[in-house]
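Written below as C-alpha cells is the structure these notes are about.
What follows is calculated from the coordinates using simple rules that are stated; it is not laboratory data. Just so we're clear, the structure is a prediction, and the values are computed from it rather than from any experiment.
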Amino acid sequence: MRDFRGLTAEQRQQFLRARDKMVEDLRRIEGGERTGYRSGLVKKLHARRDLYELRWAPDGRATFSIGSSRRPGVIHIRWHRCGTHDMLP
C-alpha cells in the first residue's frame, strides 16, 4: 500500500484500470474462454519464477504473485510492488 499511496491520483487510476482488466482476463482464463492475458498487460518476470508484472502505463509497473486460494474457486493475488520501472527486482 505504501507504493500505491506514493503514486499520483492519475497513476492510481491507471493502475486500477489495468488491474480490473487483469482480473477480467483471469476470470476468463479460469472459465476456459481465454488462454492468456491480453497482449502487453501481464508478463512473467525472468528474475523470479513466481513473480509477474502488470504493466499499467508506459513506465508504470506492479509486481504480483498468485498465492493459495483463500476461498475455493477464487484466485488469490499477492501484490508486491507498484511504481515505475525502476522498482522492479
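Below, the figures for the structure above:
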item	result
Among 41, 16, 51: highest mean-square fluctuation, GNM of the chain, C-alpha pairs under 10 Å	16
Rg/Rh ratio calculated on Cα atoms of segment 1-46 (Kirkwood radius)	1.07
Proportion of all alpha-carbon pairs of the chain beyond 14 Å (%)	66 percent
Estimated 222 nm signal from helices in the chain, with DSSP H stretches of n ≥ 4 weighted -39500 (n - 2.57), rounded to 500	-9500 deg cm²/dmol
Between helix 9-30 and the chain: long-axis angle, C-alpha atoms, 0 to 90°, nearest 10	10 degrees
